[in-house]
1. List the pairs whose first member sits in segment 75-87 and is closer than 14 Å to Gln105 by Cα and of a type outside the set (A, V, I, L, M), whose second member is part of a loop (DSSP other than H, G, I, E, B) and modelled with pLDDT of 90 or more, and whose Cβ atoms are under 9 Å apart, counting only residues at least 6 apart or on separate chains?
2. Scan segment 110-138 for residues that are of a type in the set (A, V, I, L, M, F, W, C) and more than 20 Å from the chain's Cα centre (by Cα) and report the count.
3. Considering only residues that are part of a loop (DSSP other than H, G, I, E, B), surrounded by 11 or more Cβ atoms within 10 Å (Cβ to Cβ) and hydroxyl-bearing (Ser, Thr, Tyr), which ones fall in segment 19-33?
4. For the subset of segment 39-87 comprising residues that are under 15 Å from the mean Cα position of the chain (by Cα) and among the small types (Gly, Ala, Ser), which member is farthest from Gly150 (Cα to Cα)?
5. Please pick out the residue among Lys57, Lys16 that is buried (at least 16 other Cβ atoms within 10 Å of the Cβ) and within 22 Å of Thr129 (Cβ to Cβ).
6. Taking interchain pairs and intrachain pairs at least six residues apart, which have beta carbon atoms under 9 angstrom, with the first residue in segment 48-67 and free of Cβ contacts under 8 Å to residues at least 60 places away in the same chain and the second surrounded by fewer than 12 Cβ atoms within 10 Å (Cβ to Cβ) and small (Gly, Ala, Ser)?
7. Take the residues of segment 35-47 that are touching a residue at least 40 places away in the same chain (Cβ under 8 Å) and either part of a helix (DSSP H, G or I) or touching a strand residue (DSSP E or B) at 6+ places or on another chain (Cβ under 7 Å) (or both): which is surrounded by the most Cβ atoms within 10 Å (Cβ to Cβ)?
Amino acid sequence: MQIASNCVASFQYVLKDEAGEELDSSPSAQPMTYLHGTNSLLAGLELALEGKSAGDKLIVTLPPDQAFGELREDSEQRVPKSHLQGAKKWKPGMQAVIHNAQGHQQVTVLKVGHTMATIDTNHPMAGKTVVFDIEVIEVREASKEELAHGHAHGPGGHQH
């Protein structure tokens, strides 16, 4: 079976920067699982996976505009420290999560005061060309429940 809209695909990945430095990877026992065609992956990555089958291996290079976005210069904001999630004590350079109108967003802490923090709302990988080394593990039809919910269920997917 090939990856197409409304099917569930699982894949192992290693994410690297242009210099080949590893930035992230999927745990070997738990591949990334998603419902294809629901914009749950980076658009360029989902497009590259279209038509692939279990056992296929591919390398996908995504420029910033197809990956985590270009660096925005107007990205600094001051927020109450209580809005930062992920740690009890904050220091410049740490990654945090905040909740906004678009959902949860990963940010970088720039400065920390007594009650307020200055954050950079650019994604930590914004402005970078990234390279995914991928192996497709499984492709299957989505269940009626997965289609109704708009995401994959089970290992590597959403758990209810």
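The values are calculated or read from the model by the stated rules, or taken from the named source; none is laboratory data. Not measured: the values here are computed from a predicted model. Glycine gets a Cβ as well: all are built from the backbone with ideal geometry, and neighbour counts include every protein chain shown.
1. From residues that are closer than 14 Å to Gln105 by Cα and of a type outside the set (A, V, I, L, M), the pairs are Ser75/Thr121; Ser75/Asn122; Ser75/Ala126; Glu76/Thr121; Gln77/Thr121; Gly86/Met94.
2. Kept after step one, since they are of a type in the set (A, V, I, L, M, F, W, C), are these residues of segment 110-138: 110, 112, 116-117, 119, 125-126, 130-132, 134, 136-137.
Filter again for more than 20 Å from the chain's Cα centre (by Cα), leaving 110, 112, 116-117.
Selection size over segment 110-138: 4.
3. Step one: of segment 19-33, the residues part of a loop (DSSP other than H, G, I, E, B) are 19-21, 26-31.
From what is left, the residues that are surrounded by 11 or more Cβ atoms within 10 Å (Cβ to Cβ) are 26, 30-31.
Selection gives Ser26 alone.
4. The residue in question is Gly69.
5. Values: Lys57 fails: buried (at least 16 other Cβ atoms within 10 Å of the Cβ).
After ruling out the rest, the residue left standing is Lys16.
6. Glu50/Ser5
7. Of the residues in segment 35-47, the ones touching a residue at least 40 places away in the same chain (Cβ under 8 Å) are 35, 38, 40, 45.
Cutting the leftovers down to either part of a helix (DSSP H, G or I) or touching a strand residue (DSSP E or B) at 6+ places or on another chain (Cβ under 7 Å) (or both) gives us 35, 40, 45.
Working: Leu35: 24, Ser40: 16, Leu45: 20.
Here the answer is Leu35.
Every residue, every condition in (1) at pLDDT 95 or above; (2) touching a Leu at 6+ places or on another chain (Cβ under 6 Å); (3) of a type in the set (Phe, Trp, Tyr), yes or no:
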position: Met32; (1), (2), (3): no, no, no
position: Asn39; (1), (2), (3): no, no, no
position: Leu49; (1), (2), (3): yes, no, no
position: Lys57; (1), (2), (3): yes, no, no
position: Leu62; (1), (2), (3): yes, no, no
position: Asp65; (1), (2), (3): no, no, no
position: Asp74; (1), (2), (3): no, no, no
position: Ala96; (1), (2), (3): no, yes, no
position: Asn100; (1), (2), (3): no, no, no
